[in-house]
Amino acid sequence: MSTIIISFYLIFILIHTHLSFSTNQLNSSSCKKGNPIDECWRCDPNWETNRKHLADCSFGFGRNAIGGRDGQFYTVTDSNNDNPLNPIEGTLRYAVIQDDPLWIIFQQDMTIQLKEELVMNSYKTIDGRGYNIEISNGPCVTIWNVTNVIIHGIYIHNCLPAGNSLVRDSTTHYGMRGVSDGDGISIFKSRDIWIDHCTLARCYDGLIDAIFGSTAITISNNYMLDHNEVMLMGHSDEFVEDKRMQATIAFNYFGEGLVQRMPRCRHGYFHIMNNVYVGWKSYAIGGSANPTINSQGNIFIASDDDSLKEVTKRESPLGYEDWKNWNWRSEGDMMVNGAFFTPSGQKSSDKYVKASSMVAQPASSIAKMIQQAGVLDCQIGKSC
Ligand SMILES: *[C@@H]1O[C@H](CO)[C@@H](O)[C@H](O)[C@H]1NC(C)=O
């Protein structure tokens, strides 16, 4: 039912955007992909030979993530044979545990079903461009106590818990992993992380969770769908090290079948800009323990259910007397079908200014990118 209404609004916004886009083209020969990350690399027909240029295209708090830019390429050739303790050459797991930086690419389309979490080492890029790469129906990606990871163009779905097992996390170290949550991508005590143009759906726990003192994170251009607890940012109310967390959530399409946590935040600073949300089934942006929420230039399309119009949700045992001081603002967001955002705290802009924040575009100019969020269909030799 509400799908029809949502489609109507999207078509309206798309037509509107298309008109203004055509006008812009008359004045400019530059490549218009709708956002600065994509404009940085997608217009290059030689993106395949210039793959590492992607590492220079990030922005926001995860902008310093260089992944495997300064290392060699490694081509994954083997989608089977996952050996968590002694990874086999040619597999994705073999590539991600190496100690040197690596830019990891794939030989062909692959569906990878892992036996245990894929525990990554620092300075790695997993770059799925050019092929359909899925990680699914088993444990998925774990970024644990490392830095500089880029994950781009991977379809991650139906992720499951695993654990109580030995897993290698570098060439010189392996350890006993407890039972894992079953996240799509789990970021734990890590920094300089960029997740771009992935499609994520139907995992056992979160699609992307960032906890335990993680920071310097950008989550951009992803398409998320069919899932309950979408993104948790912050370990627990008591874990104050998450005060250092700074995350940019930009240009994502929070699509059909999502319930809550887009994201659910604790303690840190969250710049949520130029995303599109359609019909959350509980709430879109939530939090506890005094996080700062800077929501700019998003499109929030509520479902028809009158009880599901509010974008925000706060959890505090002390209630309003506590959360009235939390800094949550909505600026330039487009509210559709009765959606509303409940602001709180200081409205003054100096509370929200951070060195790596970038200025959001007007909400009306971002709708066309919803067709382009998630894994792209990049053909070698053509602009993507
Ligand atoms: C986390 O990484 C640091 C730096 O590489 C290392 O010294 C430390 O032992 C790691 N901690 C754990 C619990 O593995």
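Rule-based calculations on the coordinates, nothing more; no lab input. Here the structure is a predicted model, which means the values were calculated and not measured. All Cβ positions, even for glycine, are placed from backbone atoms using ideal geometry, and neighbour counts span all protein chains on display.
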Candidate aspartates and glutamates for bridging to residue 347, where Cα separation is under 19 Å - those fewer than 8 sequence places away on the same chain excluded: 321, 322, 331, 333
Can you spot the lysines whose alpha carbon is less than 19 Å from residue 354's alpha carbon? Ignore those fewer than 8 places along the same chain. 243
Can you tell me which lysines have their Cα less than 20 Å from the Cα of residue 124? Leave out same-chain residues fewer than eight positions away. 52, 189
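Percent antiparallel among DSSP beta bridges with both residues in the range 89-208, to the nearest 5?
Around 10 percent antiparallel, to the nearest 5.
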Are there any trypsin sites (Lys or Arg not before Pro) in the range 310-340 that are in a DSSP loop and have at most 10 other Cβ atoms within 10 Å? List them by number. none
Report the net charge of residues surrounding residue 232, where surrounding means a beta-carbon distance below 12 angstrom and charges are Lys +1, Arg +1, Asp -1, Glu -1. -3
Quick one: length gained pulling residue 99 to residue 50 fully straight, 0.36 nm per residue minus the C-alpha distance? 15.3 nm
Can you compute the modelled spin-label distance between residue 349 and residue 165, with each label point 7 Å from Cα toward Cβ, in nm? 5.2
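Starting from 0.36 nm per residue, how many nanometres of slack lie between residue 305 and residue 107 once their C-alpha separation is accounted for?
Net length gain for the segment: 66.6 nm.
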Neighbour-count ranking for 238, 331 (other C-beta within 10 angstrom, fewest to most) reads 238, 331
Residues 304, 38 in order from fewest to most other beta-carbon atoms within 10 Å are 304, 38
With residue 190 itself left out, Lys, Arg at +1 and Asp, Glu at -1 over residues whose Cβ is under 14 Å from its Cβ give -3
MRE, 222 nm, helices only [DSSP H, n ≥ 4, -39500 (n - 2.57), over the chain, to nearest 500]: -3000 deg cm²/dmol
How many nm is it between the label spots at residue 179 and residue 379, if each spot is 7 Å from the Cα in line with the beta carbon? 4.8
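What translational D, rounded to a whole number of µm²/s, comes out for the chain from Stokes-Einstein when the hydrodynamic radius is the Kirkwood one over Cα pairs, at 10 °C and 1.306 mPa s?
The calculation lands on 76 µm²/s.
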Cut-off is 10 Å between beta-carbons; in what order do 233, 176 appear when sorted fewest neighbours first? 176, 233
Residue-ordered couplings for the range 56-73, obtained by feeding phi - 60° into the Karplus form 6.51 cos²θ - 1.76 cosθ + 1.60 and rounding to whole Hz (Gly and Pro as x), are 9, 9, 6, 8, x, 5, x, 5, 7, 5, 9, x, x, 3, 8, x, 8, 7
